[in-house]
Amino acid sequence: MKQISTLLLVLCFGILSFAHAESPKGPEIGKKAPDFKLPDAHGKEHMLSNFEGRYVVLEWLNHDCPFVVKHYASGNMQMLQERYRDKGVVWLSIISSAPGKQGYLEPEQAIKVTKEKKAKPTAVLLDPEGKVGRAYDARVTPHMYIIDPEGMLVYMGAIDDIRSTSVDDVEGARNYVSEALDLLLAGEKVKKAATQPYGCTVKY
């Protein structure tokens, strides 16, 4: 029964549960992360290079995706955002859904939903043309990236190791993002720098 449920989710939501077996593209671990400039939901522009000297988390976001719903309904994503922002980490949630596609939000809608979800990112960035999403080869929501103070990519992939939409699976999962950030903030190297992302496909 569980296998049937998983199959139905794949058919309904266009889920990418693993990285494609194809030639590498997009950013690479240990190399400079692509710089970008995007407006947030309030119209303020943000450049990645402006955050030099700080750790930066990029979270690809689609509030209609059941995998994203799992982490927001449980409060897990908000907790991570608040915890690491308090430690000086910049957290940027990026919406790359195209107009008319699932997850697309106009600026005022993004502001409203962020408040309703009690989300705590540094900013919600709007990427309706998908330029930044494609530059990072962001394939799913949530697809997660961590950039170090020198602008180098030090983590990319899944938020955790349980590929489900169940809120009950948040507790007890190995959270790759918090694990990596805790190590980095303690002056240590990330043990698992790349994992297979899972979630709903980004709706470019």
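The values are calculated or read from the model by the stated rules, or taken from the named source; none is laboratory data. Note that the structure is predicted; figures quoted are calculated from it, not measured. For neighbour counting, all protein chains shown are included, and Cβ atoms are generated from backbone atoms with ideal geometry for every residue, glycine included.
It is to be established whether one or more residues within the stretch 83-95 are touching a residue at least 40 places away in the same chain (Cβ under 8 Å) and among the polar types (S, T, N, Q). Give the derivation first.
Restricting attention to the stretch 83-95, the residues satisfying the condition of being touching a residue at least 40 places away in the same chain (Cβ under 8 Å) are 83-84, 87, 89, 92, 94.
Subsequent filtering for residues that are among the polar types (S, T, N, Q) retains none.
No; the residues of the stretch 83-95 include none that is touching a residue at least 40 places away in the same chain (Cβ under 8 Å) and among the polar types (S, T, N, Q).
Looking at this structure, is GLN78 in contact (Cβ under 8 Å) with a residue 40 or more places away in the chain and more than 22 Å from MET156 (Cα to Cα)?
Working: in contact (Cβ under 8 Å) with a residue 40 or more places away in the chain: yes; more than 22 Å from MET156 (Cα to Cα): no.
No; evaluated as a whole, the condition is false for this residue.
In the stretch 58-88, what residues are assigned to a helix (DSSP H, G or I), touching a Leu at 6+ places or on another chain (Cβ under 8 Å) and crowded, with 24+ Cβ neighbours inside 10 Å? Result: VAL68, single match.
Condition first: farther than 17 Å from ARG134 by Cβ and aromatic (Phe, Trp, Tyr). Now tell me which residues in the stretch 89-110 satisfy that. Can you show your working first?
First, the residues of the stretch 89-110 that are farther than 17 Å from ARG134 by Cβ: 89-91, 93, 100, 102, 105-110.
Listed by number, the list holds a single entry, TRP91.
If you check ILE147 against the conditions, is it among the β-branched types (Val, Ile, Thr), surrounded by 21 or more Cβ atoms within 10 Å (Cβ to Cβ) and more than 11 Å from the chain's Cα centre (by Cα)? So ILE147 fits the description; yes.
Is it true that some residue in the stretch 16-36 is part of a strand (DSSP E or B), at pLDDT below 95 and farther than 26 Å from MET152 by Cα? Reasoning before the result, please.
Going through the stretch 16-36, the residues part of a strand (DSSP E or B) turn out to be 16, 32.
Checking the rest, the ones that are also at pLDDT below 95 come to 16.
When the remaining residues are screened for being farther than 26 Å from MET152 by Cα, the result is none.
The answer is no, given that none of the residues of the stretch 16-36 is part of a strand (DSSP E or B), at pLDDT below 95 and farther than 26 Å from MET152 by Cα.
Test PHE36 against the criterion of being farther than 22 Å from ARG139 by Cα, of a type in the set (A, V, I, L, M, F, W, C) and surrounded by 15 or more Cβ atoms within 10 Å (Cβ to Cβ), and give yes or no. Before you say what the answer is, go through the steps one by one.
On the way: farther than 22 Å from ARG139 by Cα: no; of a type in the set (A, V, I, L, M, F, W, C): yes; surrounded by 15 or more Cβ atoms within 10 Å (Cβ to Cβ): yes.
For PHE36, the condition - farther than 22 Å from ARG139 by Cα, of a type in the set (A, V, I, L, M, F, W, C) and surrounded by 15 or more Cβ atoms within 10 Å (Cβ to Cβ) - is not met.
Going by the structure shown, is LYS25 within 16 Å of ASP127 (Cβ to Cβ), of a type in the set (Lys, Arg) and out of contact with any Lys or Arg (no Cβ under 6 Å at 6 or more places or on another chain)?
Values: within 16 Å of ASP127 (Cβ to Cβ): no; of a type in the set (Lys, Arg): yes; out of contact with any Lys or Arg (no Cβ under 6 Å at 6 or more places or on another chain): yes.
Here the answer is no, as LYS25 does not meet what is asked.
Only residues that are within 28 Å of GLN102 (Cα to Cα), in contact (Cβ under 8 Å) with a residue 60 or more places away in the chain and not hydroxyl-bearing (Ser, Thr, Tyr): list them for the stretch 172-204, please. Within the stretch 172-204, ASN175, VAL177, ALA194, GLN196, PRO197, GLY199, CYS200, VAL202, LYS203 qualify.
Mind telling me which of the residues LEU92, LEU48, LEU61 ends up being closer than 19 Å to GLY151 by Cβ and in contact with a Ser or Thr (Cβ under 7 Å, 6 or more places away or on another chain)? So that I can check it myself, show each step before the final result.
Values: LEU48 fails: in contact with a Ser or Thr (Cβ under 7 Å, 6 or more places away or on another chain); LEU61 fails: closer than 19 Å to GLY151 by Cβ.
Sole residue among the options that is closer than 19 Å to GLY151 by Cβ and in contact with a Ser or Thr (Cβ under 7 Å, 6 or more places away or on another chain): LEU92.
Considering the stretch 89-120, the residues that are closer than 23 Å to ARG163 by Cα and touching a Lys or Arg at 6+ places or on another chain (Cβ under 9 Å) include one that is surrounded by the most Cβ atoms within 10 Å (Cβ to Cβ), namely SER96. Scan the stretch 159-171 for residues that are in contact with a Gly (Cβ under 9 Å, 6 or more places away or on another chain) and in contact (Cβ under 8 Å) with a residue 24 or more places away in the chain and the total you get is 3.
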